[in-house]
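Worksheet: one structure, shown below.
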Amino acid sequence: MKKIYLSLLKLMFLLVILAPAFTSCEKQEENNPIPGKLEFSFVADEIENSLKSATMDTDTVEGLNYHLLVSVMNEDSVLVLDKEVIPLYKFGTEFISQKVELDNGAYFLSLFMVINPQGDVVYAAPKAGSKLAYLVKNPLPLYFKVTAGVTSRIPVEVLPVNNQPPADFGYVAFAIDIVRPLTFYTAVYLKYADMIMAPGKYISAYLKVFDPGGWGYRFKAEATVNKFIVKGMSGIYTFKVMLEDGSEHTFQIPMEDLIATSETNPLLLGIGTSHTVYEKVFRTSPDSTADAMITDLNFSENFGDHPVFEASFFTEPILTVMRTKRSLMFMDIRRELPKSATITRVELILNAVHNVDPYLDSAFSIVPNPFYKGYLKHIVEPWEEHEVTWEKQPKTIDANMVTLDYMPWKSSITYIYDITKLYVPEQEIAVQSYGFMFVHGDEQMPGGMQFASSDAREEWMRPRFKVYYTLPN
């Protein structure tokens, strides 16, 4: 009896210790709710073949012609999705919707229609009590749950509409006039000048779109080109861009302008006060620029006067050994700008050297299946142009790294790269920058990139920095 009593005391003591931990976990879940993801699926053998296959999470597939029109209510009969237009993808004989985020909880699917490219409803899920409800096992409303952090797939039974009236499915109308989906591409950017190609950068913002009928949509625009879908209607769409500082900017966009957008030609929404943008070009030279090459084949040798700015990995044709090359460059462009200048964009202009100047040490002809990609990385330690070697190379970091792509098949030898984030960091860094290091994309794969350096014999071949900046009003 005494042993049982002691065991009970130990159990109670353990529960007292663990209780705060359970409470803490519950509070943490309440304070940091994780949404669940929802996708709908159905089978329809007769649907047209124009609906193309896609991967589960992609939204870049061309020719997405079919969409779902969906309404979802929560347990309190409040609409959380009201005639939401959702892209549709094909997987064999099954059709699956793009994922939708919903909070953790229970819901009812109250409307489900499939829309073709012409805006016609071609399939619909019948509602309970309707004339056609007996043809499916589970008519609408369809009960389902969404679990935090989990993707739930809801299979829905649909029937072809053909010429049957909406009432046979339990709907008042199919509302064909408002369900034609319109896909458009857009980006929000900081405006620095009244010009089409104004130097600036994309920013994230909340975007409200109101169609000509007054229906509103809320999107989160990322700092890139975004693809959004709204209902297609003739007339003027109202765009309201809301920034983190609480400011709101309104644009009036005709439907025709939205239809004309593409991923490479998006609708640009410029935000900010217009300023004059100044340009200044800095041409590198042996005196104004520090650049050098380093290699593991001569790890203690300095190449401060090397005429090639390169990053590569390939076999020496004579010594038959593998070698890696990297290059360093530093030019203080801020010293030549007005103290009050705000840099908005920096471009690095390089000239490829292969098959151009026999005095430049080109080696592309001996590289089998070359790999053309490189990186510019922040150098965060001091270095000297005529002292740096492979064994004494300075430290670099990956923050704000710039990727350089090279296309040897293009006719022009000139390449222009946007290196703004090396001078106006997107990621905050707590260290001083001492230029950048040029590194081959994969130092285990043969190939590389070679450009003229500041020590190239021909001045026109040397690198240039083109800087865009603004001044206070």
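The values are calculated or read from the model by the stated rules, or taken from the named source; none is laboratory data. This is a predicted model, so every value here is computed, not measured. Here the Cβ positions follow ideal geometry from the backbone for every residue, glycine too, while neighbour counts run over all protein chains shown. Ligands, DNA and RNA are excluded from the accessible area calculation, which covers all protein heavy atoms including side chains. Shrake-Rupley method; radii C 1.70, N 1.55, O 1.52, S 1.80 Å.
Of note:
- Among the protein heavy atoms of the range 95-176, carbon and sulfur supply 53% of the accessible surface, probe 1.4 Å, non-protein parts ignored.
- In this structure, the amide hydrogen of residue 123, modeled 1.01 Å from its nitrogen in the peptide plane, lies closer than 5 angstrom to those of 114, 161, counting only residues at least 5 positions away or on a different chain.
- Paramagnetic reach from residue 151 (point 7 Å along Cα→Cβ, amide N under 18 Å) across the range 83-125: 86-104
- Separation of the range 403-473 from the range 103-132 is 53 Å, based on Cα centroids.
- Annotation: extensible slack from residue 220 through residue 256 equals 10.7 nm (criterion: 0.36 nm per residue apart, minus Cα-Cα distance).
- Residue 450 long-range amide H proximity, modeled H, under 5 Å: 353
- Efficiency of FRET from Cβ geometry, residue 80 and residue 120, R₀ 30 Å, rounded to 0.05: 0.70
- The range 381-473 - accessible surface per residue (Å², probe 1.4 Å): 52 Å²
- Checking the cross-link pairs 280/339; 99/231; 339/395; 37/127; 201/466; 83/227 against a 26 Å limit on the alpha carbon distance flags 339/395 as lying beyond it.
- Derived scalar couplings ³J(HN,Hα) [the range 256-269; Karplus, 6.51 cos²θ - 1.76 cosθ + 1.60; whole Hz; x for Gly, Pro]: 4, 5, 5, 4, 7, 6, 8, 5, 8, 9, x, 6, 9, 9
- Put 401, 113 in order of accessible area, highest first, and with a 1.4 Å probe you get 401, 113.
- The modelled label-to-label distance between residue 305 and residue 244, using points 7 Å beyond Cα along the C-beta direction, is 5.0 nm.
- Close amide-amide hydrogen proximity is noted between residue 104 and 36, each under 5 Å apart and 5 or more residues distant or on a separate chain (H modeled in the peptide plane; Pro and chain starts excluded).
- A Förster radius of 30 Å combined with the Cβ-Cβ distance from residue 430 to residue 206 puts the calculated FRET efficiency at roughly 0.50.
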